[in-house]
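Worksheet: the structure to be examined is printed underneath.
The values are calculated or read from the model by the stated rules, or taken from the named source; none is laboratory data. None of these values were measured; they are calculated from a predicted model. When we count neighbours, we look across all protein chains shown, and the Cβ atoms used for this are built from the backbone with ideal geometry, even at glycine. When the accessible area is computed, the model is the full protein with side chains, heavy atoms only, and any ligands, DNA or RNA have been set aside. Shrake-Rupley method; radii C 1.70, N 1.55, O 1.52, S 1.80 Å.
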Amino acid sequence: MKQPRSQQRGSPRDCPSAQPPKKDVELILVKEQNGVQYTSSSLLEPGSCGAAAPQRETWGKKIDFLLSVIGFSVDLANVWRFPYLCYKNGGGAFLIPYILFLIIAGMPLFYMELALGQYNREGAATVWKICPLFKGVGYAVILIALYVGFYYNVIIAWSLYYLFASFTMEELPWTKCGNLWNSQNCTDPKRTNGSTFIFGPYSKYKVTPAAEFYERRVLHLHESHGIQDVGLPRWQLTLCLLVVVIVLFFSLWKGVKTSGKVVWITATLPYVVLSVLLIHGLTLPGAYDGIKAYLNIDFRRLKEPTVWIDAATQIFYSLGAGFGVLIAFASYNKFDNNCYRDALMTSTINCVTSFISGFAIFSILGYMAHEYKVKIQDVATEGPGLVFILYPEAISTLNGSTFWAVVFFIMLLSLGIDSSMGGMEAVITGLADDFQILKIHRKLFTLGVCIATFLLALFCITNGGIYVLTLLDTFAAGTSILFAVLMEAIGVSWFYGVDRFSEDIQEMMGFKPGLYWRLCWKFVSPAFLLFVVIVSVINFKPLTYDEYVFPSWANTVGWVVASSSMILVPAYIVYKLLKVQGTFKQRIAYCITPENEHHLVTQGNVRQFKLQHWLTI
């Protein structure tokens, strides 16, 4: 009796509790040589799952998985990047390339990772038993996720610092000048007509009380002369970072059973807060002008290649494919879960959230432009400058400003926490599945990852820490993550084969992916990723932070960081080819054949050596 291919790979369905009695086959490993597994078969009595099919932990409820995926993909970038990109690139016209890339590349990649993780029930590294040559891709994305954790937790710590500072019976601390941290040049924009003293966009004017609170009180940036002068960690931010890491540890230490409950709060709270901020923002004077600027349709901008480039990169980073998180999350699903529906729903929710958040952001920016009598383009910006300077400054002018500040920074905290949880889960699951000793001692391993993340993040909370953070943000998950996902798409679609991947999906859900999805996986998605990789390299510009230009050696260090993950892909290919014994052709055969089919190599039946394998869709 033939066993389903999923069970041959050691990724079985959960043993059914109410199935008609039937006998299964237990495959017992007798000998392994050059990766070839010789097995003998024996019949199992009904109701027995067999020693070869250990059960994997699953999500407590389906909604836990959905909220975890949504919480990971909906992060700070949905609030501080998409609205500005939409405004800058033709308003409503930007949605055309954005939705196009969502359909032809974003959703297919999202669907592919969910199906890959769910079928094989493994993390980002061991999932490559489908094509051992590409296991270095798994290690690369795990390292990238670890790098991101170093600095992403710092941004969450900033949000926590602002939240603590918002609890005051008096006015918010970034409301006016005259504080110990303010410079002599501090200028209160409420006491001056904005148009009379701004030499350039208001968003770049760094002597307002809000800007000085961020750069001089929170970052202490004025005490650093550059990235070569980072100084020591600041104790206030160190405590905030410690709180963040402790929350992450207790959310992850017991696996998806605990993290799946935490996201009930962290994934839903941002939507409640965003709705409250949006409703209130729409009542403010100037809000209509801000939203009008946000949605102003300019089809002429579609002629510019930068608009399409921005749309392509934003859709990729927004959905979060390639970090190993979706694979890790999906690996804890039940075998017959409908991941196709999940992919469509969660990716759509992510993009709709980005669009809706623009209304909340630009209603406030319109209000600021109205109050300071400047143009919308003078206050429109992205990144930390938006959520830690401009938005808090606007909030400080509202009635009940303390309440609105607390609400806003709680939203930022919840947006950041569940995204950071996803990244750390990718690291923990990916390595624990590969090294059994780590899986046995998961709690200790989780603690070790949290401690390592905390210690390395200390470099980002020094006086010059923003320079280190900027370097990591640019290089750690830039070209490197694009390259890793490109290799992932090639490995699954070409070496493993779209037809075989489609059969896996059919085995899980009872239906085969349509021709559209198969064409996207084999041709469109790899072409899209190759395009984005090339563009990211061509458009690279030396690092800057506002007026500060990084020294050339810092850019070199950045490329070393980026290369440290990318080099794992070819390095593992060389390692695997040297490790396997036999002729060169046999080594190639073993390395590109799924582990459960290695016995076919000894028979000379190598699927990838046939032209039909490469032409089949």
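Observations on the model:
- For ILE440, net neighbour charge (Lys/Arg +1, Asp/Glu -1) across residues whose Cβ lies under 15 Å away: +2
- For region 241-309, the set of trypsin sites (Lys or Arg not before Pro) satisfying both a DSSP loop assignment and a count of at most 16 other C-beta atoms within 10 Å is given as LYS254.
- At the residue level, ASP433 shows approximately 10 square angstrom of accessible surface with a 1.4 angstrom probe and all protein chains present.
- The long axis of helix 479-490 is offset from the longest Cα principal axis of the chain by roughly 30 degrees.
- Accessible surface of TRP253 - all protein chains present, 1.4 Å probe, nearest 10 Å²: 70 Å²
- Debye intensity ratio in log₁₀ form over the Cα atoms of region 248-386, taken at each q of 0.15, 0.19, 0.22 Å⁻¹: -0.97, -1.24, -1.41
- Percent RCO, i.e. relative contact order, over the chain, from Cα pairs under 8 Å lying at least 6 residues apart: 29 percent
- Percent accessible area from carbon and sulfur atoms, the chain, protein chains only, probe 1.4 Å: 64 percent
- Fully extended contour minus Cα-Cα distance, from LYS579 to THR397, at 0.36 nm per residue: 59.0 nm
- Local electrostatic count, PHE134, Cβ distance below 11 Å [Lys/Arg +1, Asp/Glu -1]: +2
- Percent of alpha-carbon pairs separated by more than 33 Å within the chain: 47 percent
- Working from label points 7 Å from Cα in the Cα-to-Cβ sense, the HIS225 to HIS441 distance is 4.5 nm.
- Cross-link partners of LYS579 among lysines (Cα-Cα below 24 Å; sequence separation of 8 or more within a chain): LYS31, LYS129, LYS135
- Placing MET411, MET169 in order of accessible area, with the largest value first and a 1.4 Å probe, yields MET169, MET411.
- Degrees separating the helix 135-166 axis from the principal Cα axis of the chain, which is the longest one: 30 degrees
- Proximal aspartates and glutamates relative to LYS375, as straight alpha-carbon distance under 14 Å, when same-chain residues fewer than 8 apart are discounted: ASP289
- In a simple Cβ point-charge model (Lys, Arg +1; Asp, Glu -1; nothing else charged), region 270-346 has a dipole of about 100 debye relative to its Cα centre.
- Ranked order, ARG607, ARG121 - accessible area, probe 1.4 Å, largest first: ARG607, ARG121
- For the chain, accessible area per residue (1.4 Å probe, heavy atoms of protein chains only), Å²: 41 Å²
- Nearest-10 value in Å² for the accessible area of THR208, using the 1.4 Å probe: 0 Å²
- Square roots of 5 times each gyration tensor eigenvalue, C-alpha, region 318-386, largest first, Å: 39, 13, 7
- The GluC sites (Glu not before Pro) found in region 105-175 that occupy coil by DSSP, while having at most 10 further C-beta atoms within 10 Å, are GLU170.
- For the pair ILE617 and ASN605, label points projected 7 Å from Cα toward Cβ lie 2.8 nm apart.
- 15 Å beta-carbon shell around VAL574, net charge (K/R +1, D/E -1): +4
- Angle in degrees between helix 235-252 and the longest Cα principal axis of the chain, rounded to the nearest 10: 30 degrees
- Restricting region 357-461 to chymotrypsin sites (Phe, Trp or Tyr not before Pro) in coil, as DSSP defines it, with at most 16 other Cβ within 10 Å: PHE435
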